[in-house]
Every structure is written in C-alpha cells, then in structure tokens.
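Any read-out appearing in this document is the output of simple, stated calculations on the displayed coordinates, not a laboratory observation. Model, not experiment: these values are computed from the prediction. Please note: Cβ atoms are built from the backbone with ideal geometry, for glycine as well, and neighbour counts cover all protein chains shown.
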Amino acid sequence: MTTAVRDVSVFGDGIAYFNAAADLLQLDNGMRQILTHPSRQIIFSIPFQRDSGEFEVYTGYRVQYSFARGAAKGGIRYHPGVTLDEVTALAFWMTWKCAVVNLPFGGAKGGVTCDPATLSQNELERITRRYAAELVEVVGPDKDVPAPDVNTTPQVMAWFMDTYSMHVRQNVPGVVTGKPLEIGGSRGRTEATGRGVTICALDQMAEMGMKPEETTVVIQGFGNVGMYAAILFAERGCKVIGISDVTGAYYDPAGIHVGDAVEHVKKNRNLDGFGGGDKISNAELLTSQCDVLVPAALEKVFNAENAPHVKARLIVEGANGPTTPDASRIFSERGITVIPDIMGNAGGVTVSYFEWVQDRMGYFWKESEVNERLEETLLENLHELRKLTKEHNINFRTAAYMLAISRVVKVLRYRGVYA
Ligand code: NAD
C-alpha cells in the first residue's frame with residue numbers, strides 16, 4: 001500500500017521512509033492519507049529594499065505540517081535552494097522528530113529563497129521583518145513556533161520576535177526559539193543540536209564497543225550543528241580528522257585542531273584558507289577513512305553512487321534528510337549503523353522546547369539543568385528505538401518512524417478528525 005510517488009523530491013524521500021514504517025505498523029489507508037498531507041502550506045512574496053534603494057522580491061514559505069500533538073514547530077531556512085518541496089519535507093520531518101523525542105509539538109518549517117551571502121545586515125533585517133509580518137496571524141506560542149535553521153541566527157530570531165511583538169502590542173518571547181539569552185533564549189540552545197549529535201553518537205559507540213579515545217570522526221558542514229558537534233566530540237576525547245563547509249574539506253588522519261578551525265571561522269566567516277589539514281573535495285571527505293561520519297550540511301548527500309564507498313561504521317545524521325532511500329538501503333546491507341536525522345539532530349528542538357517552557361514560566365534554568373534534561377530526553381528515546389531495532393530486526397530509521405508514527409496516530413485517534 002503506498003500513498004504518494006515523488007521519486008526525486010526531498011518530500012518523496014520522506015514519504016518512502018514513512019511508507020516502510022507504515023507497512024510494518026499495518027497502518028490503514030485513511031490514516032496514511034492524513035499523515036502524508038501537510039495541514040497548511042503558505043507561499044508569499046517578500047518585497048524589500050536594497051541598501052542601494054532598488055526594490056527586489058523574494059519568495060517566502062511556511063509549511064505547518066501537523067498540529068496533532070501541539071503547536072507546529074520548526075526552523076526557518078535562508079538559502080538559494082529553498083523550494084516548497086524542500087520546506088514541506090522539512091516540516092514533515094519536524095512532525096516525526098518532535099514525536100520521536102515525545103515533545104508536545106506538531107511540525108512546521110519555513111524558508112526564504114535567497115542567498116544571505118549577498119545581503120547586508122540591514123537587508124537581512126528587512127527581509128526577516130517582512131517574513132514575520134506576513135505570518136503574524138498564523139504563528140504564536142500556541143500556534144506555530146519558528147526557530148533557526150540553515151543561515152538563520154539568534155539575531156534573526158530576535159528580529160522575528162520583535163516584529164511579532166510589535167504587531168500584537170505585547171512582548172511575546174515564546175513566539176520563536178533560538179533567541180539571544182538576553183531576550184528570553186535558553187542557555188545551551190546554540191550548542192544543543194551538535195550536543196545531541198554527540199550524545200547519540202557516544203551512546204551508540206558504547207553499544208558498538210567503540211572507545212572515544214580510539215574513535216575517529218569526520219563532519220560535513222561547519223555551521224551551528226557541525227561546529228558544536230566537532231567541539232564536543234573533541235572534548236569527549238574523540239579524534240576529529242575531517243571537517244568541511246561550502247568552501248571545501250580538510251582532512252588530517254593525525255587529527256584536526258578543532259579550536260583552530262573555530263577561530264578561523266570566527267575571523268573569516270568560513271573555512272576557506274584553513275591550514276589545519278590537507279584540502280580535499282567535499283565528495284572525497286564523505287568516503288574518507290573514519291569510524292564515525294556526521295553529515296551536518298544539507299539534504300541528499302549520500303546516494304546510490306557514494307554509499308557503497310562510505311567507510312564509517314556509524315553515521316549520525318546532524319543534517320535533515322542527508323540520506324536518500326537508496327543510500328539508506330545500501331548502508332543497511334553493508335552493516336553501517338545510521339542514527340537518522342529525526343533522532344540524531346533532535347537535540348535542537350528539545351532545547352527549543354525547554355526555551356518555550358522557560359519563556360512561558362518566565363523562569364530560566366541553569367545550563368547544567370538544560371544539558372542534563374537534554375541528555376535524559378534523548379537517551380530515553382534512543383534506547384526505546386534500540387529496543388525496537390532488536391525486536392523487529394530493523395534499522396534505526398524505520399524504528400524511529402515507527403515510534404513517531406504510532407505516537408502521532410494515538411493522539412489522532414483520541415482527538416478524531418474534526419468535520
Ligand atoms: P548553518 O547555516 O549554521 O551551517 C551549514 C553548514 O553547512 C555551513 O558550514 C555551510 O558552509 C555548510 N555547507 C553547505 N553546503 C555544503 C556542501 N555542499 N558541502 C559541505 N558543507 C556545506 O546550518 P545549521 O543550522 O548548522 O544546519 C545544518 C543542517 O542541520 C541542516 O540540514 C539543518 O536543517 C539541520 N539542523 C539544524 C538544527 C539547528 O538547530 N540549527 C537543528 C536540527 C537540524
């Protein structure tokens with residue numbers, strides 16, 4: 001039984017994973033129909049003025065995929081590759097991610113098709129404020145709560161929160177998460193996704209008998225997720241031997257000095273010109289010798305061509321949708337363990353949830369409390385997935401979809417379909 005055929009789209013990858021788990025759950029066709037259709041897709045124009053005085057128009061999106069378990073939740077992406085298909089897929093994944101870690105949220109995602117590298121701070125602010133203003137009626141702490149994603153920062157969240165608050169004539173910090181601490185952000189949020197990647201990786205490494213001090217790690221992408229993952233892997237004694245960003249990849253089997261890479265990026269905005277390793281191509285990095293591989297950039301990084309050549313034993317997905325269904329099958333056949341995106345990068349939304357809770361209480365937790373609760377939430381659910389993999393002889397991805405789908409379905413059966 002299938003629901004939709006979208007072979008080449010990003011959403012299509014998601015649907016393929018959904019169908020595999022839905023088959024095992026013997027989910028009825030009606031429920032499949034409901035769960036494979038987004039609740040709401042919004043597309044709008046964002047006219048804005050360049051610093052030069054010229055006007056331009058970009059396209060903005062917000063997809064609110066599901067409200068079943070609570071307010072919709074998901075990041076905002078600024079990237080030239082943003083499309084309705086991509087945003088829908090990301091909103092779909094947010095739905096399952098929030099369910100896998102048992103947060104009281106549905107799923108959403110947003111984006112603007114633009115290249116932030118070509119925009120000044122003032123232009124970025126004008127685009128963000130117009131984007132937020134267009135969504136005032138449909139976002140809010142009990143409706144839909146955006147957060148950072150690729151190329152959006154705490155500053156962007158601050159502009160969003162301010163614009164929304166100006167429109168509704170009161171201060172509403174809980175309308176977005178990932179804000180600067182001073183305006184209601186949570187301690188530990190910036191590092192949370194990378195921290196979650198390392199929590200999952202270290203737990204699975206222990207299960208596989210891999211000692212941190214004997215483990216080598218390669219990370220693709222050196223932004224919010226990849227950079228903090230690299231810092232935390234190094235802190236826990238693992239040897240980070242390869243890193244990359246959009247400007248290229250750097251590899252040194254003796255170990256990359258992560259602190260130097262972080263300093264380089266702080267000074268230069270990216271890794272271009274980093275001297276701490278041999279420069280190789282991004283494609284070579286993915287198939288280089290390593291024990292743990294962390295994709296932390298964009299979708300569809302692993303495919304039928306490169307998956308047979310990946311040498312890692314463990315892949316922890318920091319990015320959303322980095323593995324195509326073909327690659328996923330090849331990894332399973334080759335015995336490579338993959339902690340999928342909806343578990344591997346759920347640390348970000350977990351601490352976003354903590355931020356939302358703190359904003360609503362008006363009481364802010366210590367960083368140690370945030371990190372402890374994050375670890376507890378992730379490990380409790382990762383262990384549940386591990387149990388499912390053993391019980392049903394399936395991989396972690398199918399287990400994660402099974403757990404998430406069954407949690408959403410339970411709620412839908414209680415709530416019913418309003419007609
Ligand atoms: P970011 O903008 O901070 O960083 C993205 C990084 O990827 C940059 O270093 C960029 O140069 C690099 N990159 C882009 N294209 C690349 C390519 N072709 N090859 C190698 N590197 C490339 O974004 P981020 O917030 O770190 O997000 C990265 C991924 O993690 C995305 O898939 C995002 O959806 C996912 N994610 C982010 C969060 C979060 O809290 N920020 C949470 C969950 C999932």
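One decimal place: the segment residue 376-residue 51 gains 112.3 nm when fully extended, by the rule 0.36 nm per residue minus the C-alpha distance. For the pair residue 167 and residue 34, label points projected 7 Å from Cα toward Cβ lie 2.9 nm apart.
Counting only the Cα atoms, the stretch 138-268 fills a convex hull of 130 Å³ per residue. Peptides 339-347, 236-244 ranked from most to least packed give 339-347, 236-244, packing being the mean of other C-beta atoms within 10 angstrom over each peptide's residues. What residues from the stretch 88-115 fall in the zone where the backbone N is under 16 Å from a label point 7 Å along the Cα-to-C-beta line of residue 387? Taking a point 7 Å out along Cα→Cβ of residue 387, the residues of the stretch 88-115 whose backbone N falls under 16 Å are 100-102.
Counting Lys and Arg as +1 and Asp and Glu as -1 over every other residue whose Cβ lies under 9 Å from the Cβ of residue 77, the net charge comes to -1. Each 20 Å bin from zero holds the following percent of Cα-Cα pairs in the chain: 28, 60, 12, 0. Restricting attention to the chain, close to 50% of DSSP beta bridges with both partner residues there are antiparallel.
With a cut-off of 13 Å between beta carbons, the residues surrounding residue 377 carry a summed charge of -4, where Lys and Arg count +1 and Asp and Glu -1. In terms of distances greater than 24 angstrom between alpha carbons, the cross-link table entries 179/410; 211/366; 109/179; 239/387; 73/266 yield 179/410; 211/366; 239/387; 73/266. Counting Lys +1, Arg +1, Asp -1, Glu -1, what net charge surrounds residue 238 among other residues with beta carbon under 11 Å of its beta carbon? Neighbour charge sum, excluding residue 238 itself: -1.
Global dimensions of the stretch 228-306 from alpha-carbon coordinates: Rg and Dmax equal 12.2, 37 Å. Considering the stretch 315-354 at the alpha-carbon level, its Rg and Dmax are found to be 11.8, 38 Å.
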